[in-house]
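The values are calculated or read from the model by the stated rules, or taken from the named source; none is laboratory data. Note that the structure is a prediction, hence the values are computed from the model and not measured. Every residue, glycine among them, receives a Cβ derived from its backbone with ideal geometry; neighbour counts consider all protein chains shown. What goes into the accessible areas is simple: the full protein's heavy atoms, side chains included, and nothing from ligands, DNA or RNA. Shrake-Rupley method; radii C 1.70, N 1.55, O 1.52, S 1.80 Å.
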Amino acid sequence: MQTDFKELISYSHKLKVLFIEDNEEVRMQLLKLLENFFSDIQIECDGLNAYENYIKNPNKYELIITDLSMPKLDGIELSKRIMEKNPNQLIVVISAHTESEKLLKLINIGIYKFLKKPVDYKDLVSTLSSIVYKIKREKIYHELENRIECIENDNEELSKLASTDKLTSLYNRHFIDTVLNQKFNNKQKKEFSIIFIDIDNFKNINDTYGHLTGDKILIEFSNILKNNIRKNDILGRWGGEEFIIILDKTTIHTTKDIAEKLREAIELSNFREIGNLTASFGLSTYEENDTINSLVQKADFSLYKAKQNGKNSICFIKNLNEY
């Protein structure tokens, strides 16, 4: 217990205190007592100056110790104004006046403690010890909260990096595979489609303009896709210049409409360094007894057929027997 008290005293010397007392003799007596606990004490002789000091930085002081009867601004009004600025401020009021009406006002304002003059040393030590312990505990709690928040933010960022394609900021192949697995593990009705999208003649772009320009085109292309899909559609980079969209609760008719909207948006876009380009689309929709492989294979074959049909087109194969 002795060790705990020493640690508490050591901690209290780090705290900032605003001390207001208009009577010089009382002020000097209390100051001697307070200096056993605190080394950073700002002294004011009246309530108004104390308040003007306080509002310059409402979070500067961990503790305010004030007299009740003071010129210009009494302890009740001072406490009220301070608590309006900072409801969490710890205030101790010291006074020889113990009228119930004034005490009730102070309680309603929300001060931490009232001490009667002349101040009993044991009572003061007990009060200040509890205050310092409270401040220390809350600071540790807030530090832990901040650390937890930092860890959560770091985890969120790591999770984002793990699921995001570095170049385009779209979902990566790993994340898309996870989503497809979740859908096939879901025992509820599976009504969804996928769209494969491949940029036409992308090798020519890399060969003609270089891979840095090719990367810029992939980013522009990704943004066009992002801006033309629905909120709940999942868009990812499948690999290279190939992209995938997973469309939940979507019939093949809606899927075709979305694919056509994207095809037109790409065809009409002006890419900064190369002008125009086109893309081909392969569609597939979930059928009973489909597996992930068969669903993806249908979209892949549909895409291949769209390329065979002259590119810049949309193709849909319902089942692999059609191919």
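Hey, could you check segment 205-256 for residues that are in a loop (DSSP other than H, G, I, E, B) and charged (D, E, K, R) and say which is farthest from Lys190 (Cα to Cα)?
Selected residue: Glu241.
Output yes when any residue across segment 172-188 is assigned to a strand (DSSP E or B), over 30 Å from Asn88 (Cα atoms) and modelled with pLDDT of 85 or more, and no when none is.
No, segment 172-188 has no match at all.
Output the number of the condition that Thr251 fails; it satisfies all remaining conditions of (1) modelled with pLDDT of 95 or more; (2) more than 13 Å from Tyr171 (Cα to Cα).
The one condition Thr251 does not meet is (1).
Tell me whether segment 24-33 contains one or more residues that are among the β-branched types (Val, Ile, Thr), out of contact with any Cys (no Cβ under 7 Å at 6 or more places or on another chain) and not in a helix (DSSP H, G or I).
Going residue by residue through segment 24-33, those that are among the β-branched types (Val, Ile, Thr) are 26.
Restricting the remaining residues to those that are out of contact with any Cys (no Cβ under 7 Å at 6 or more places or on another chain) gives 26.
In the following step, the residues that additionally are not in a helix (DSSP H, G or I) were identified as none.
Among the residues of segment 24-33, not one is among the β-branched types (Val, Ile, Thr), out of contact with any Cys (no Cβ under 7 Å at 6 or more places or on another chain) and not in a helix (DSSP H, G or I), which makes the answer no.
Of all the residues that make up segment 106-115, how many are surrounded by 13 or more Cβ atoms within 10 Å (Cβ to Cβ) and farther than 17 Å from Ile131 by Cα?
Our first condition is that a residue be surrounded by 13 or more Cβ atoms within 10 Å (Cβ to Cβ); within segment 106-115, this holds for 106, 109-115.
With farther than 17 Å from Ile131 by Cα added as a condition, the list becomes 106, 109.
Matching residues across segment 106-115 total 2.
With (1) open to solvent by 60 Å² or more (accessible area, probe 1.4 Å); (2) out of contact with any helix residue (DSSP H, G or I) (no Cβ under 9 Å at 6 or more places or on another chain); (3) farther than 18 Å from Asn186 by Cα as the list, and Leu303 as the residue in question, which single condition is left unmet?
Tallying (1) open to solvent by 60 Å² or more (accessible area, probe 1.4 Å); (2) out of contact with any helix residue (DSSP H, G or I) (no Cβ under 9 Å at 6 or more places or on another chain); (3) farther than 18 Å from Asn186 by Cα, Leu303 fails exactly one: (1).
List the number of the failed condition for Leu103; all other conditions in (1) open to solvent by 30 Å² or more (accessible area, probe 1.4 Å); (2) in a strand (DSSP E or B) hold.
(2)
May I ask you to list pairs of residues, at least six apart or on different chains, whose Cβ atoms are under 8 Å apart, with the first in segment 163-185 being farther than 19 Å from Asn223 by Cβ and the second being surrounded by 14 or more Cβ atoms within 10 Å (Cβ to Cβ) and basic (Lys, Arg)?
Arg173/Arg237; Lys183/Lys190; Phe184/Lys190
Going by the structure shown, is Ala259 of a type in the set (A, V, I, L, M), under 30 Å from Asn289 (Cβ atoms), assigned to a helix (DSSP H, G or I) and in contact (Cβ under 8 Å) with a residue 40 or more places away in the chain?
Taking the combined requirement at face value, the residue satisfies it.
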